[in-house]
Structures are given as structure tokens and as C-alpha cells.
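Let me begin by presenting the structure, written as C-alpha cells, before commenting on it.
The values are calculated or read from the model by the stated rules, or taken from the named source; none is laboratory data. In this text the structure is predicted, and so the values were computed from the model without any measurement. All Cβ positions, even for glycine, are placed from backbone atoms using ideal geometry, and neighbour counts span all protein chains on display.
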Amino acid sequence: MPVNVYTTLTAPLATGTTIALGISGTAQIVGVYTNGSGTHGFLESGGTYTTLDDPSATNGTYAAGINGMGQIAGYYFNGTGEHGFLFSGGT
């Protein structure tokens with residue numbers, strides 16, 4: 001019978017939930033975490049966490065998926081509704 005290994009992910013700035021939502025072929029993980037200032041997207045790569053907050057977001061950023069080129073797709077909320085984003089090449 002195969003042995004399954006589970007790894008707990010906790011974003012360093014999280015004081016609430018950390019949720020993984022996507023993983024690339026190179027084991028980069030994206031998701032969301034919560035703390036006192038709201039909901040934030042994250043990228044975990046090689047043990048390093050990077051917070052992803054869309055500059056237009058006022059009510060949370062969610063990093064939902066990552067492809068083999070490192071492009072991150074997600075969504076955010078602000079006063080006009082829910083919007084999608086593509087984070088690519090550090091911008």
C-alpha cells in the first residue's frame with residue numbers, strides 16, 4: 001500500500017487560515033491566507049512565501065492557479081465587484 005505524505009502549509013504572516021489552491025509542475029504553490037488586515041494571495045516557492053495583493057483590491061486577493069511559466073491567475077474584490085487578474089513576470 002502506498003504511503004501518502006501530507007505537508008501543512010502556513011503562510012508566515014497568516015494568523016488565520018492558509019489554503020493552497022494550485023500547484024505548478026515545478027512545485028510552486030499558490031493560494032490564500034488570512035490575517036488581521038484581510039485576505040491575501042500567496043506564492044510559495046522553495047520554502048519562501050511571497051504575498052500577492054492586487055493593487056486594485058480592497059476586499060481580498062485570491063491566487064487560484066499557476067502554470068508552468070510561473071504565471072499566476074486569480075481574482076480580487078473591490079468596491080465595484082469581483083475581478084480576475086494575471087500576475088506575470090513579477091508584475
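Data for the structure
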quantity: Residues within segment 1-36 that are among the polar types (S, T, N, Q), modelled with pLDDT of 95 or more and part of a loop (DSSP other than H, G, I, E, B), tallied; calculated: 5
quantity: Those residues of segment 37-72 which are surrounded by fewer than 18 Cβ atoms within 10 Å (Cβ to Cβ), hydrophobic (A, V, I, L, M, F, W, C) and part of a strand (DSSP E or B), in sequence order; calculated: A64
quantity: Filtered residues of segment 1-36 (kept if exposed (fewer than 10 other Cβ atoms within 10 Å of the Cβ) and within 16 Å of A63 (Cα to Cα)); calculated: A27
quantity: Test: residue in segment 16-25 that is in contact with an Asp or Glu (Cβ under 9 Å, 6 or more places away or on another chain) and within 15 Å of F85 (Cα to Cα); calculated: no
quantity: Tabulated pairs, segment 22-45, first at positive phi, second in a strand (DSSP E or B) and modelled with pLDDT under 95, C-beta under 7 angstrom, 6+ apart or interchain; calculated: none
